[in-house]
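S.K.: One structure follows; several queries about it will come next.
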Amino acid sequence: MPIISPSLLACDFLRLKEVCDMLNRSEADWFHLDVMDGRFVPNISFGMPVIEKIRNATHKPCDVHLMIEEPGRYAADFKAAGADHLTVHYEACPHLHRNLMQIKNLGMKAGVAINPHTPVQLLQDVLEYTDVVILMSVDPGFGGQPFIPHSLNKIRLLRERIDQMKLDTIIEVDGGVTLQNGPAILEAGAHALVAGTIIFNADQPEEMIRQFKHL
Ligand code: DX5
Ligand code: ZN
């Protein structure tokens, strides 16, 4: 069964407690928390104080996706706020290996996210230090965008590489994931699906999560 990581970016922030209760009841595995700085991406979302509140409202892992420049400056603060997984963008990290080691040394799972234009081959030399790869299937910054079909080729290539290297790195696909394209994404070799708008705009989000879990 796939790992389901609902993105709270699309939820009603005024009802954060109810959202957390619903996700706790649901078959969701992780809480996907999208942090944006208005520099790396053209949007600003939320930061540590909100993550801290969410942390206190769930025991499920907080899967924090940093779409920020210089993430190393804040890694310890995100750990303190309660992040279990901390994912930085390849494109934001000239010293990616150092960032990954820092995250691991702080006791979190280390993730690397890549934008749609970044070839998966560029991960070759950090793959063995990476617990999760977030493969962006939209340009990061906003929820509700359509899935970029070429992402499927990238998932296949990365899957091959990870298998060849006998690693257990998780491939998490983020952006435009639906019940329709979900099966192809999983078949291409992803283990984890992020979904935002489609879950929180649904009449019954919990049921939508169940359907993703049983794809
Ligand atoms: C985009 C974020 C995604 C986004 C996914 O920059 O990283 O996690 O919230 O939302 P949907 O499922 O609406 O594409
Ligand atoms: Zn994300």
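Just so you know, all these numbers are worked out from the coordinates, no wet-lab data involved. Since we're looking at a predicted model, the values are computed, not measured. In this analysis, Cβ positions are derived from the backbone assuming ideal geometry, glycine residues included, and neighbour counts consider all displayed protein chains.
S.K.: Convert each backbone phi in the stretch 7-15 into a coupling constant with the Karplus relation 6.51 cos²θ - 1.76 cosθ + 1.60 (shift: θ = phi - 60°), then list the ³J(HN,Hα) values in order as whole Hz, x for Gly and Pro.
M.R.: 8, 6, 3, 8, 7, 8, 5, 5, 10
S.K.: Which ³J(HN,Hα) values, rounded to whole Hz and listed in residue order, are derived for the stretch 68-81 from phi using the Karplus coefficients 6.51, -1.76 and 1.60 in 6.51 cos²θ - 1.76 cosθ + 1.60 with θ = phi - 60°, glycine and proline given as x?
M.R.: 9, 7, 6, x, x, 5, 10, 4, 5, 5, 5, 4, 4, 6
S.K.: Given springs between every Cα pair under 10 Å in a Gaussian network model of the chain, which of Leu127, Leu96, Leu14 has the largest fluctuation?
M.R.: Per the Cα network of the chain with a 10 Å cutoff, Leu14 tops the list.
S.K.: Between Asp139, Asp34, Asp163, which gets the highest mean-square fluctuation from a Gaussian network model of the chain, Cα cutoff 10 Å?
M.R.: Asp163
S.K.: Arrange the following residues from fewest to most other Cβ atoms within 10 Å of their Cβ: Lys154, Lys17, Lys79. Show your work: numbers first, answer last.
M.R.: Numbers: Lys154 23, Lys17 11, Lys79 18.
Neighbour counts put them in this order, fewest first: Lys17, Lys79, Lys154.
S.K.: Next question. Mind telling me which of Val112, Val120, Val88 comes out most flexible in a GNM of the chain, alpha-carbon contacts under 10 Å?
M.R.: Val120
S.K.: Cα to Cα, under 28 Å, and not fewer than 8 places away if on the same chain: which lysines meet these conditions relative to Lys166?
M.R.: Lys60, Lys104, Lys109, Lys154, Lys213
S.K.: Kirkwood hydrodynamic radius of the stretch 3-213 from all distinct Cα pairs, in Å?
M.R.: Values: mean 1/r = 0.0591 Å⁻¹.
16.9 Å is the Kirkwood radius here.
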